[in-house]
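**Q** One structure is given below, represented as structure tokens, and several questions about it will come after.
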Amino acid sequence: MALRNILHDGDTTLTKQSRPVTEFNQRLHQLLDDLAETVEDANGLGLAAPQVGVLRRVAVVLDEFETEDGEIEYEIIEMVNPKIVECGGEVTRFEGCLSFPGLHGEIKRSEWVLLQAQDRLGNEFTLEANGMLARAVQHELDHLDGVTIRNNAPALYTEAQIDDMVDKARSEGKDIEGENR
Ligand code: CO
């Protein structure tokens with residue numbers, strides 16, 4: 001396993017379409033291992049192959065859950081050639097991206113998604129995702145089509161700007177929620 005370099009906003013690779021995976025070989029396994037190690041190292045919730053310069057339809061997301069002892073743990077979900085086959089609901093929240101360090105955009109997403117993908121061996125699986133996982137899945141799938149938070153959000157804000165907006169909204173009796181990705 002190895003850490004890969006995460007490309008940042010401005011790199012044209014981030015705006016390109018990724019190609020489907022056709023060979024489920026050692027090279028794919030290495031890529032998946034590296035994506036997992038890199039996203040963990042960066043404290044992210046997901047990472048897509050184009051973000052490390054590989055234009056293939058591959059991404060990982062973290063599925064966080066609470067154990068019986070109240071500990072927060074997570075599992076890495078590997079997605080190869082993923083597709084959203086059903087979705088519903090609508091939630092607008094702030095989200096970030098490892099390719100846009102320190103920036104966040106308010107983005108409308110489906111509340112839940114039914115995902116169809118392949119695992120590292122090529123086996124098809126489906127996954128129903130809600131909440132943060134559903135948001136992470138949609139965010140990573142966008143990367144595979146060259147779509148980033150810059151395309152999805154009307155504007156991008158720094159942490160400090162969002163804090164100001166949240167304070168202002170609270171003082172007006174509204175509520176804004178933010179999440180990091
Ligand atoms: Co991202």
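The values are calculated or read from the model by the stated rules, or taken from the named source; none is laboratory data. Source: prediction; values computed, not measured. FYI the Cβ positions are ideal-geometry reconstructions off the backbone, even for glycines, and counts take in every protein chain you see.
**Q** Which residues, taken from the range 120-150, are more than 17 Å from Gly46 (Cβ to Cβ) and out of contact with any strand residue (DSSP E or B) (no Cβ under 7 Å at 6 or more places or on another chain)?
**A** Passing the criteria: Leu121, Gly122, Asn123.
Okay, residues lined up against (1) within 14 Å of the chain's Cα centre (by Cα); (2) at pLDDT 90 or above:
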| site | (1), (2) |
| --- | --- |
| Leu141 | yes, yes |
| Leu144 | yes, yes |
| Ala153 | no, yes |
| Gln161 | no, yes |
| Val166 | no, no |
| Ala169 | no, no |
| Gly173 | no, no |
| Glu177 | no, no |
| Arg181 | yes, no |
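**Q** Picking from Glu75, Glu37, which residue would you name as being touching a residue at least 12 places away in the same chain (Cβ under 8 Å), surrounded by 13 or more Cβ atoms within 10 Å (Cβ to Cβ) and more than 14 Å from the ligand (Cβ to nearest atom)? Show your work before the answer.
**A** Values: Glu75 fails: surrounded by 13 or more Cβ atoms within 10 Å (Cβ to Cβ).
One residue alone meets the criteria, Glu37.
**Q** Could you tell me whether any residue of the range 50-67 is within 16 Å of the ligand (Cβ to nearest atom), among the aromatic types (Phe, Trp, Tyr) and at pLDDT below 95?
**A** No: the range 50-67 contains no residue that is within 16 Å of the ligand (Cβ to nearest atom), among the aromatic types (Phe, Trp, Tyr) and at pLDDT below 95.
**Q** Another question, if that's okay. Being within 16 Å of the ligand (Cβ to nearest atom) and touching a Ser or Thr at 6+ places or on another chain (Cβ under 9 Å) is the filter here; which residues of the range 109-135 pass it?
**A** Selection gives Arg109, Ala134, Arg135.
**Q** Those residues that are surrounded by fewer than 18 Cβ atoms within 10 Å (Cβ to Cβ) and touching a Leu at 6+ places or on another chain (Cβ under 8 Å), I need them from the range 133-146; list them, please. Don't jump to the end; show me each part of the working.
**A** Pass one, the range 133-146, residues surrounded by fewer than 18 Cβ atoms within 10 Å (Cβ to Cβ): 145-146.
Passing the criteria: only Gly146.
**Q** Pairs under 7 Å by beta carbon, first residue under 22 Å from Gly10 (Cβ atoms) and in contact (Cβ under 8 Å) with a residue 40 or more places away in the chain in the range 131-160, partner of a type in the set (Ser, Thr, Tyr) and within 11 Å of the ligand (Cβ to nearest atom), six or more apart or different chains?
**A** Close Cβ pairs (under 7 Å, with a partner that is of a type in the set (Ser, Thr, Tyr) and within 11 Å of the ligand (Cβ to nearest atom)) amount to Thr148/Ser99.
**Q** Among the residues of the range 10-61, how many are assigned to a loop (DSSP other than H, G, I, E, B) and touching a His at 6+ places or on another chain (Cβ under 9 Å)?
**A** Initial filter on the range 10-61 (assigned to a loop (DSSP other than H, G, I, E, B)): 10-11, 16-18, 20-25, 42-45, 53-55, 57.
Still in the list and also touching a His at 6+ places or on another chain (Cβ under 9 Å): 18, 45.
Residues meeting the conditions: 2.
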